[in-house]
Amino acid sequence: MEIKILKNILGANDRIAAKNRELLDAHKIFAVNIMASPGAGKTSVVLQTIRALQDGVRIGVIEGDISSSIDAELVAKQDVPVVQINTGGECHLEAVQVQDALNNLPLAEIDLLLIENVGNLVCPAEFTLGEHLKVLIASVPEGDDKPFKYPLMFNTVDALVLNKIDLLPYVKFNVDGFTKTVKNINAKAEIFKVSCTTGEGITTWAKWLNSRMGKPLKKRITST
Ligand SMILES: Nc1nc2c(ncn2[C@@H]2O[C@H](COP(=O)(O)OP(=O)(O)O)[C@@H](O)[C@H]2O)c(=O)[nH]1
Ligand SMILES: [Mg+2]
């Protein structure tokens, strides 16, 4: 009987996630679940993605954190609708929390929904939210061995953004070895190398994300 509890939680989560997906699809919203360890650059990637796509795509954001609204305040400054979810200790977002957040966003005015999950490389991989795309942000200072240690997370995502490549001259990190390991774990994952500090690689990432939305930008991104 005890063992069934987790199954029930995950089953219930999946059912609510399916409802979230229906709601998102009804509003033609493309939703992205952004996962990473704390400090890898989730908020930075959200902000850079907003800057890159905001001219042509209407963006909304859900910020997930254990506590505080620091990230949501940063995002709100970009003039996009944002809802903060505080999990109060839980290490991941669940579909029911996203459902609540969706009820508090102007869905008719959003094309792309960026969901920043709680910083953690374990639990968020197990809870689907109704998203169309799962993205993992890895970062150079975390080290190139993380795919070996957190294979489920690396296996579960559609895209991997390697952030903080501006730090490669200072940190021991084998990019080719890392890429090879990721591909061995997850052959379908698209891999992007970016720096949110210098802006390198952001346009390539943003163009790919836009292409996955299946909606052409009203205003094309021209730089590379
Ligand atoms: N050097 C460098 N620092 C970065 C980069 N992206 C983010 N940071 C810094 O890393 C820290 C954590 O970033 P944040 O986006 O808040 O990470 P989050 O906790 O995953 O949301 C902040 O101090 C950022 O300024 C990058 O590309 N290069
Ligand atoms: Mg953050």
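Any read-out appearing in this document is the output of simple, stated calculations on the displayed coordinates, not a laboratory observation. All values derive from a computational prediction rather than experimental measurement. We place every Cβ from the backbone using ideal geometry, glycine too, and count neighbours over all the protein chains shown.
May I ask for the distance between the Cα centers of the stretch 141-160 and the stretch 31-63, given as a whole number of Å?
19 Å
Just rank Ile185, Ile66, fewest to most, by other beta-carbon atoms within 10 angstrom.
Placing the least packed residue first, the sequence is Ile66, Ile185.
Would the chain count as rounded, prolate or oblate if I go by the C-alpha gyration tensor, calling it rounded below 1.5 in a/c and otherwise prolate when a/b exceeds b/c, oblate otherwise?
oblate
Which far-off residues, 5 or more places away or on another chain, put their amide H under 5 Å from the one on Asn163, with H placed in the peptide plane?
Result for Asn163 returns Ala138, Ser139, Val140, Val194.
Under a crude label model (7 Å from the Cα following the beta-carbon direction), how far is Ser67 from Arg212 in nanometres?
Inter-label distance under the simple model: 3.3 nm.
Under a plain spin-label model, where a point goes 7 Å from the Cα along Cα-to-Cβ, how far apart in nm are Thr197 and Gln99?
For Thr197 paired with Gln99, the spin-label model returns 4.2 nm.
Relative contact order of the chain, please, whole-number percent, based on alpha carbon pairs below 8 angstrom and at least 6 residues apart.
For the chain, the relative contact order is 25 percent.
At 0.36 nm per residue, minus the direct Cα-Cα distance, what do Lys183 and Asp25 gain on full extension? Give it in nm, one decimal, please.
Fully extending the segment from Lys183 to Asp25 adds 53.9 nm.
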